[in-house]
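Working notes, beginning with the structure itself.
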Amino acid sequence: MALKVLYVTMQFPVPSETFAAVEIRALLGQEVEVAIATFKPKPKDCNDVLRDRRLPNIEIDHNSLFSSLRGLWVALRPPSLPLRLLGSLFTRGNVTAGSVLKSLALVPRTLDLFDKIRRSPPDIVHLYWGHYPSLLGLLVHELLEDVTLSLSLSAYDLHSRYGPSIELARQAPLVFTLARANTPALKNFGVLEGRVHVVYHGIDVEPETFRDAQEKTLEVVIAERLVPLKRTTESLRVFRRVLDKCPAARLSVLGDGPEKMHLQEMVDHLGIGDAVQFLGHVSHEEVFEQFSKSKVLLSMSSSERLPNTVKEAMLRNCIPVVSRTMGIDELISNQKTGFIIEQGDIDQAAYAVVRCLQEWESLSNLRVAARHHITENFSSQAVALQRREIWKKTIDNRRRP
């Protein structure tokens with residue numbers, strides 16, 4: 001019998017995020033029925049993105065005006081339900097004024113979803129993020145004994161320290177996290193070690209074919225949202241120094257964001273406009289194509305841990321040169337499967353990129369080791385099977401007398 005799982009997230013699909021779609025698509029191949037509920041309304045490009053992610057028929061319950069009105073009606077039957085919800089918000093953990101206002105705005109949607117789950121309970125309610133969805137999680141965990149709750153806590157959740165997330169993590173029977181580096185923070189929150197499972201974000205590996213190294217051009221690629229935390233300005237300075245040693249090199253920037261105009265102006269200021277192209281937001285398949293013909297993925301981001309972009313590049317023979325962030329050594333072994341640079345060290349990053357371009361053939365063992373590491377440890381199908389087995393075991397343990 002298929003396991004019925006409701007994924008709860010803030011928004012789905014998100015054009016700049018592929019990992020949720022990859023995870024859900026892999027679960028569908030593991031005898032898991034997945035439905036999705038979101039706290040935000042349906043995006044305008046929803047259908048196009050779902051087709052790009054190969055999930056055109058997935059069931060999604062988006063937030064709407066009707067949902068909020070229905071949640072207000074639920075609040076009256078009985079009124080103790082919203083009081084319980086508000087009590088959890090104000091009495092548990094660290095909650096800022098801004099998060100209180102956002103939480104209050106999401107109370108109607110929370111009650112609407114809770115009522116739907118109560119009427120038609122799945123086997124698992126899985127919070128894809130902590131934070132605001134944890135309000136729903138607290139109600140489900142405390143009031144619906146026949147539903148097993150799990151939540152995934154990312155680096156963002158751990159840094160934000162949203163009170164209800166912390167409280168739910170202490171109570172929930174099952175907590176997923178995306179890197180071993182996150183486990184000390186969970187322990188500090190008071191989460192019991194036996195409830196924590198490290199399950200990586202997986203990527204599609206089985207159907208891929210790889211181009212020979214001879215097909216690659218002398219090219220560097222950046223693939224990220226163009227926001228300050230990604231430090232794309234530092235990456236442009238790195239590439240400027242790369243051109244001094246490799247004047248034929250070219251840089252492609254994939255992604256969009258509020259920093260794009262500033263970055264384009266910076267390219268002109270550095271005098272590297274002829275060697276840099278901004279491709280904007282492109283489809284997932286186009287990202288793969290770009291990785292397949294590029295030799296180096298460059299990222300000076302200060303916010304990443306185990307980004308799927310790096311995994312996908314490594315799978316396609318594209319050597320990662322990335323800054324050191326928490327947990328990155330779980331993905332890259334420095335100078336064995338890629339290059340880890342100290343944050344802000346532009347000289348070191350430029351040296352690593354130049355080495356990749358000039359010593360491409362001699363780095364073949366590194367590229368082979370990188371690909372092997374990804375296929376062995378980050379296959380989406382293997383990760384989905386691991387997640388399903390953890391869910392089933394948790395359900396069996398809860399049902400055992």
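Against the condition part of a strand (DSSP E or B) and on the phi < 0 side of the Ramachandran plot, how does residue 40 come out, does it pass?
It is true that residue 40 is part of a strand (DSSP E or B) and on the phi < 0 side of the Ramachandran plot.
If I go through the range 238-252 residue by residue, how many of them are under 30 Å from the mean Cα position of the chain (by Cα) and surrounded by fewer than 17 Cβ atoms within 10 Å (Cβ to Cβ)?
Within the range 238-252, residues that are under 30 Å from the mean Cα position of the chain (by Cα) and surrounded by fewer than 17 Cβ atoms within 10 Å (Cβ to Cβ) number 0.
Residue 125: touching a residue at least 40 places away in the same chain (Cβ under 8 Å) and either aliphatic (A, V, I, L, M) or part of a helix (DSSP H, G or I) (or both), yes or no? So that I can check it myself, show each step before the final result.
Numbers: touching a residue at least 40 places away in the same chain (Cβ under 8 Å): yes; either aliphatic (A, V, I, L, M) or part of a helix (DSSP H, G or I) (or both): yes.
Yes; evaluated as a whole, the condition is true for this residue.
Would you confirm whether any residue within the range 99-113 is assigned to a helix (DSSP H, G or I), more than 24 Å from residue 286 (Cα to Cα), of a type in the set (Asp, Glu) and in contact with a Lys or Arg (Cβ under 8 Å, 6 or more places away or on another chain)?
yes
Among the helices (runs of 4 or more DSSP H) confined wholly to the range 315-401, which include 1 or more residues that are within 17 Å of residue 205 (Cα to Cα) and in contact (Cβ under 8 Å) with a residue 12 or more places away in the chain?
364-377, 380-399
Out of the range 278-315, which residues are among the small types (Gly, Ala, Ser) and under 19 Å from the mean Cα position of the chain (by Cα)?
Those that are among the small types (Gly, Ala, Ser) and under 19 Å from the mean Cα position of the chain (by Cα): 283, 299, 301, 302, 303, 313.
Filter the range 163-181 down to residues that are part of a strand (DSSP E or B) and in contact with a helix residue (DSSP H, G or I) (Cβ under 6 Å, 6 or more places away or on another chain) and give me whichever is surrounded by the fewest Cβ atoms within 10 Å (Cβ to Cβ).
Result: 174.
When residue 104 is evaluated against the numbered criteria (1) closer than 23 Å to residue 70 by Cβ; (2) in contact (Cβ under 8 Å) with a residue 24 or more places away in the chain, which criterion, by number, is the only one it fails?
(2)
Let me confirm something: among 99, 154, 64, which residue is closer than 28 Å to residue 201 by Cα and either under 20 Å from the mean Cα position of the chain (by Cα) or modelled with pLDDT of 85 or more (or both)?
Only one candidate passes the filter, namely 154.
Based on this model, can you work out whether residue 127 counts as among the hydrophobic types (A, V, I, L, M, F, W, C), over 27 Å from residue 79 (Cβ atoms) and buried (at least 18 other Cβ atoms within 10 Å of the Cβ)?
no
The values are calculated or read from the model by the stated rules, or taken from the named source; none is laboratory data. These numbers come from a predicted model, not from an experiment. Using ideal geometry, Cβ is built from the backbone for each residue, glycine included, and neighbour counts are taken over all protein chains shown.
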